[in-house]
Amino acid sequence: MPVLMAILAWFLMALLVTAVLRSRLQSASIFSIARTLLAEGWRRGVLPVGGAILFVGLALLPLLVEDASEASARLQIVLDYGQLWIATVVILLTSLMACGSLCDEIVTGRMRFLVVQPGSRWSVLPGKWLGLLAASFTLLFPATLMLVLISGQVSSSNTVLMESPAVSLVPPEQLQVTPEEIEQYLAFQKLEDPAGWGRLDHEEALRIAYSRLDRLSRSVMRGGRSDYRFSYSTGLSKGTELAFRPSMGRAHRSQRARMRVHMGASSLEILIRNGLRFRVPLPEALEGEREIVIGIEFLGAVDEDVRIPSVNWSGTDAIQLRVPEGSHLSTLIRSQLLLWIRCAFIAALGLTVSTFLGLPVATLFVFCFLIAAAGGGFSGAFEESNDAAHHDHGQDAPSRIVLDALAEGGDWIFSQLATWNQHVTGDRVAAGEVVTNSEVLSGLARIGLLWAGVTMLTGLWISSRKEHGLGADR
Amino acid sequence: MAIDSKFDPEQREVIQVRGLCKTFRDFWLRPRVEALRGIDLSIQSGEVYGLLGPNGSGKSTTIQILLGLLFPSAGSVSVLGTPPGTPQSKNRIGYLPEDSVFYPFLTGAEMLDLSASLGRVPARERKGRISDLLEMVGLQDAAHREIGDYSKGMQRRIGIAQALIHDPEILILDEPTNGLDPIGVRQVKDWIVSLRKLGKTVLISSHLLADVEQVCDRVSILYGGKVQASGSIEQILARDDRTLWTTSHPDEAVLATVRQNFEEAGVEVISVGPGSRSLEEMFLETVEEARDSGETTSGAGMGGQLPAFLGGSEGRS
């Protein structure tokens with residue numbers, strides 16, 4: 001069955017390519033260049049072979065889940081590896097086509113033919129970019145369709161992605177310590193213990209205050225209770241759950257403790273274990289609420305001879321609401337849209353670096369970018385050091401100003417690279433988390449328009465200043 | 001040497017080059033090759049102009065500067081009153097590159113469609129123009145074959161067709177007969193003459209001097225990046241100390257009488273011999289006979305006359 005799906009997906013891709021090649025969009029040169037690139041990708045075998053590899057890889061996905069007994073686990077594995085495979089192949093092919101197409105035209109002299117045509121110097125790069133978008137779409141669309149079908153095949157129902165909801169994860173507000181809270185805590189502590197806190201440097205005092213508040217906000221003492229406020233602007237929907245993973249310090253995983261959860265007017269006592277995740281459905285009375293407060297009371301260990309002083313929330317996902325929002329299918333589509341947007345940037349980057357670098361170096365450049373971006377941009381690599389700790393008397397020297405500016409620039413670039421990772425959503429989709437429209441719009445604005453736009457403008461600028469005539473007979 | 005009696009100051013000057021210099025530099029901007037060293041050219045509307053010179057003389061560099069592919073190091077260049085490389089000038093120039101560098105994965109018809117699109121030919125006219133040009137260059141039967149499968153001569157023909165598709169005022173042909181068979185060479189020369197009659201300006205760069213001699217009104221001979229000679233073909237080739245007569249074949253008695261009369265008049269007869277056809281004429285006749293007898297070929301067809309849409313600059317709206 002998956003083999004048949006792969007064959008059908010390949011033919012769907014062929015159909016899409018043929019439709020574009022035979023389209024009658026003849027009014028602008030940019031579309032002709034785009035169509036030529038697509039014809040190049042198809043007739044030179046990049047798309048047929050690349051597509052075959054992509055679809056065969058997807059057809060092999062069910063082999064990965066043969067050992068998994070639960071349908072939800074099979075679905076998660078297929079979605080996770082499937083999206084990873086699609087992203088890898090599509091981005092790889094896009095970058096190779098982007099670098100290969102332009103470099104080939106420059107080397108063979110075809111660029112001369114293009115550049116002497118009226119107005120085409122400005123339409124070469126955008127036209128090729130458009131062609132690459134079309135090429136990546138012809139791969140992405142059938143591949144996504146095939147992934148949906150395979151997901152249905154390995155899980156309980158063929159329409160599992162349409163029926164199962166995606167969930168939005170909502171963290172509590174209390175775990176986020178605000179600067180105002182730190183200042184208030186610090187002022188109170190200085191009143192209480194002026195000798196102890198007064199001798200501390202202000203920065204140091206702030207750091208200690210933040211550390212204590214953070215620890216306090218993330219723990220519930222035995223016999224005590226903490227209230228957590230959750231906000232959800234569109235109102236909590238039916239099926240919302242409170243999910244939490246308590247940490248009980250050195251207590252063994254087998255040790256049980258009791259916790260009482262207060263949700264609105266109702267309360268519920270539950271048994272918990274160290275480090276295990278629990279889910280509690282919200283009462284129907286809270287459906288539609290935009291703000292709720294959930295109280296968590298820690299009652300201590302079940303066994304009397306065991307002493308567990310507190311329960312802690314470690315990690316960003318230790319306590320959160322899971323609110324159903326849209327279908328799993330819609331979130332998968334949004335995630336694939338984000339992948340297409342990333343392809344758009346890779347296409348722009350490949351084309352731009354190919355205007356001044358040869359094929360091997362240009363491809364290497366794009367791969368280096370992908371590695372750096374996948375590393376999260378190493379954010380914080382250029383963080384400013386504490387003035388008190390490292391005071392440099394030469395910091396106003398011109399050379400230091402230049403170095404500082406370079407460091408700031410590097411920091412900015414790395415922090416921008418982190419944006420790439422924020423829009424890689426495949427693992428979240430596999431875990432059933434929602435990818436929102438605002439995330440897609442944010443990806444479109446930052447990666448699709450800002451990054452790709454700036455890169456394309458740079459490419460156009462370089463291209464407009466480049467001589468293409470290096471005739472042998474001169 | 002500068003002989004330029006065919007230059008007509010009343011005619012519109014479509015290409016003007018003054019003191020053009022081009023120096024190629026390496027990555028560190030050090031001068032590498034001084035390709036052009038002060039070239040002056042003036043090409044008028046409706047003439048066929050030849051750029052001649054050995055390899056490395058600067059012909060292709062000059063053409064590529066006129067097309068905006070290379071930027072001049074010094075001097076001024078004007079094409080149809082605008083700097084080279086502007087959309088206004090490019091829209092009125094058709095260019096046949098020296099090498100057939102067209103997309104090998106496109107069919108002949110697709111290639112012309114791409115050229116028409118890039119040349120801003122209105123969509124409603126494209127189909128007709130493509131069909132006319134394919135017929136003109138004799139490739140109507142190969143229209144849907146990929147260019148990569150074409151012979152070198154067929155690629156040259158599709159190159160000529162793409163240069164004409166947007167009905168340019170100026171046609172720049174870099175080695176136009178390169179790779180063509182004698183029939184194709186003859187056709188190209190006929191097309192050039194027809195284009196001149198339509199008021200088009202044609203600039204030809206070629207090594208084949210006989211071809212240039214037959215179609216060009218004026219030529220410039222380049223060497224070492226400089227114009228060494230320029231002027232009309234007749235004046236460049238004229239010899240004041242020789243006269244050539246071509247007559248029907250006389251008998252020996254008549255020849256003897258003529259020779260005697262020349263000697264009495266003090267005119268030296270340098271050579272007298274039988275008339276002969278050129279190899280080109282003989283070849284064309286042979287192929288024509290084979291075609292008439294029903295022989296077929298997988299290559300280019302006979303080709304035909306210029307299509308009607310090439311109205312010439314005079315007929316432009």
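Observations
- The number of residues in the stretch B:230-256 that are loosely packed, with under 15 Cβ neighbours inside 10 Å and farther than 30 Å from B:VAL272 by Cα comes to 0.
- 1 or more residues closer than 30 Å to A:VAL353 by Cα and assigned by TED's automatic domain parsing to the domain that holds A:ILE333: qualifying helices (runs of 4 or more DSSP H) within the stretch A:122-204: A:124-154
- Qualifying residues in the stretch A:250-265 (those that are small (Gly, Ala, Ser) and either surrounded by 12 or more Cβ atoms within 10 Å (Cβ to Cβ) or touching a His at 6+ places or on another chain (Cβ under 8 Å) (or both)) - the one modelled with the lowest pLDDT: A:ALA251
- A:GLU287 fulfils the conditions (1) surrounded by 12 or more Cβ atoms within 10 Å (Cβ to Cβ); (2) over 30 Å from A:LEU147 (Cβ atoms); (3) in contact with a strand residue (DSSP E or B) (Cβ under 9 Å, 6 or more places away or on another chain) except for a single criterion, (3).
This table checks each residue for (1) outside the structural domain of A:GLY275 (by TED's automatic domain parsing); (2) in contact with a Leu (Cβ under 6 Å, 6 or more places away or on another chain); (3) of a type in the set (Ser, Thr, Tyr).
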position: A:SER211; (1), (2), (3): no, no, yes
position: A:ASP214; (1), (2), (3): no, no, no
position: A:SER219; (1), (2), (3): no, no, yes
position: A:ARG222; (1), (2), (3): no, no, no
position: A:TYR228; (1), (2), (3): no, no, yes
position: A:MET248; (1), (2), (3): no, no, no
position: A:ARG256; (1), (2), (3): no, yes, no
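- Inspection of the stretch B:74-84 finds no residue satisfying the criterion of being farther than 27 Å from B:LEU112 by Cβ, open to solvent by less than 10 Å² (accessible area, probe 1.4 Å) and under 19 Å from the mean Cα position of the chain (by Cα).
- Matching option when the condition is open to solvent by 70 Å² or more (accessible area, probe 1.4 Å) and of a type in the set (A, V, I, L, M), among A:LEU84, A:LEU61: A:LEU84
- Residues that are more than 9 Å from every other protein chain (Cβ to nearest Cβ) and open to solvent by 30 Å² or more (accessible area, probe 1.4 Å) occur in the stretch B:88-103; there is at least one.
- Condition check for B:SER220: more than 26 Å from B:GLY153 (Cα to Cα), at pLDDT 85 or above and under 19 Å from the mean Cα position of the chain (by Cα): yes
- Single condition A:VAL170 does not satisfy, out of (1) in contact with a helix residue (DSSP H, G or I) (Cβ under 6 Å, 6 or more places away or on another chain); (2) under 30 Å from A:TYR81 (Cα atoms): (1)
- Unmet requirement for B:GLU110, which otherwise passes all of (1) assigned to a helix (DSSP H, G or I); (2) open to solvent by less than 10 Å² (accessible area, probe 1.4 Å): (2)
- Residue match in the stretch A:252-264 (condition: touching a residue at least 24 places away in the same chain (Cβ under 8 Å) and assigned to a loop (DSSP other than H, G, I, E, B)): yes
- One residue from B:ILE130, B:ILE165 being within 12 Å of chain A (Cβ to nearest Cβ), at pLDDT 90 or above, under 20 Å from A:PHE31 (Cβ atoms) and open to solvent by 10 Å² or more (accessible area, probe 1.4 Å): B:ILE130
- Only one of A:LEU242, A:LEU236, A:LEU191 that is surrounded by 16 or more Cβ atoms within 10 Å (Cβ to Cβ) and either more than 16 Å from A:ILE296 (Cβ to Cβ) or modelled with pLDDT under 80 (or both): A:LEU236
- Hits in the stretch A:271-284 - residues which are open to solvent by 30 Å² or more (accessible area, probe 1.4 Å) and assigned to a strand (DSSP E or B): A:LEU271, A:ARG273, A:PHE278, A:ARG279, A:PRO281
Rundown of residues vs (1) at pLDDT below 85; (2) more than 11 Å from every other protein chain (Cβ to nearest Cβ); (3) closer than 14 Å to A:THR94 by Cα, yes/no style:
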{"position": "A:ARG22", "(1), (2), (3)": "yes, no, no"}
{"position": "A:ALA28", "(1), (2), (3)": "yes, no, no"}
{"position": "A:SER32", "(1), (2), (3)": "no, no, no"}
{"position": "A:LEU37", "(1), (2), (3)": "no, no, yes"}
{"position": "A:GLY45", "(1), (2), (3)": "no, no, yes"}
{"position": "A:GLY57", "(1), (2), (3)": "no, yes, no"}
{"position": "A:PRO62", "(1), (2), (3)": "no, yes, no"}
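- First in the stretch A:296-314 and outside the structural domain of A:VAL280 (by TED's automatic domain parsing), second anywhere and open to solvent by 20 Å² or more (accessible area, probe 1.4 Å) and modelled with pLDDT of 80 or more, Cβ under 7 Å, 6 or more apart: none
- Flag for B:ILE147 being surrounded by fewer than 24 Cβ atoms within 10 Å (Cβ to Cβ), touching a Phe, Trp or Tyr at 6+ places or on another chain (Cβ under 7 Å), at pLDDT 90 or above and closer than 25 Å to A:GLY109 by Cβ: yes
- Scan of the stretch B:43-67 for residues that are closer than 14 Å to A:HIS468 by Cβ and within 7 Å of chain A (Cβ to nearest Cβ), ordered by number: B:SER60, B:THR61, B:GLN64, B:LEU67
- Among the residues making up the stretch B:43-63, those that are open to solvent by less than 20 Å² (accessible area, probe 1.4 Å), out of contact with any helix residue (DSSP H, G or I) (no Cβ under 8 Å at 6 or more places or on another chain) and not basic (Lys, Arg) are B:ILE43, B:GLN44, B:TYR49, B:SER57, B:GLY58, B:SER60, B:THR61, B:THR62, B:ILE63.
Here is a yes/no grid of residues against (1) closer than 30 Å to B:PRO104 by Cβ; (2) surrounded by 18 or more Cβ atoms within 10 Å (Cβ to Cβ):
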residue	(1), (2)
A:LEU4	no, no
A:LEU16	yes, yes
A:LEU21	yes, no
A:SER29	yes, yes
A:TRP42	yes, yes
A:GLY51	yes, yes
A:SER69	no, no
A:ILE91	yes, yes
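- When residues of the stretch B:24-36 are limited to those that are open to solvent by 100 Å² or more (accessible area, probe 1.4 Å) and within 14 Å of chain A (Cβ to nearest Cβ), the one nearest to B:SER78 (Cα to Cα): B:GLU34
- Restricted to the stretch B:113-127, and to residues there that are surrounded by 24 or more Cβ atoms within 10 Å (Cβ to Cβ), small (Gly, Ala, Ser) and assigned to a helix (DSSP H, G or I), the residue that is nearest to the other protein chains (Cβ to nearest Cβ) is B:SER117.
- Residue count for the stretch A:104-132, restricted to those that are more than 10 Å from chain B (Cβ to nearest Cβ) and either crowded, with 23+ Cβ neighbours inside 10 Å or closer than 15 Å to B:LEU96 by Cα (or both): 5
- Cross-chain or 6+ apart pairs with Cβ under 9 Å, the stretch A:327-346 first and outside any helix (DSSP H, G or I), then open to solvent by less than 10 Å² (accessible area, probe 1.4 Å): A:SER327/A:LEU161; A:SER327/A:ALA166
The values are calculated or read from the model by the stated rules, or taken from the named source; none is laboratory data. Worth saying up front: this structure is predicted, and the values here are computed from it rather than measured. Methodologically, a virtual Cβ is constructed for each residue, glycine included, from the backbone with ideal geometry; neighbour enumeration extends over all protein chains shown. The protein model used for the area step is the full one, side chains on, heavy atoms only, and it has no ligands, DNA or RNA in it. Shrake-Rupley method; radii C 1.70, N 1.55, O 1.52, S 1.80 Å.
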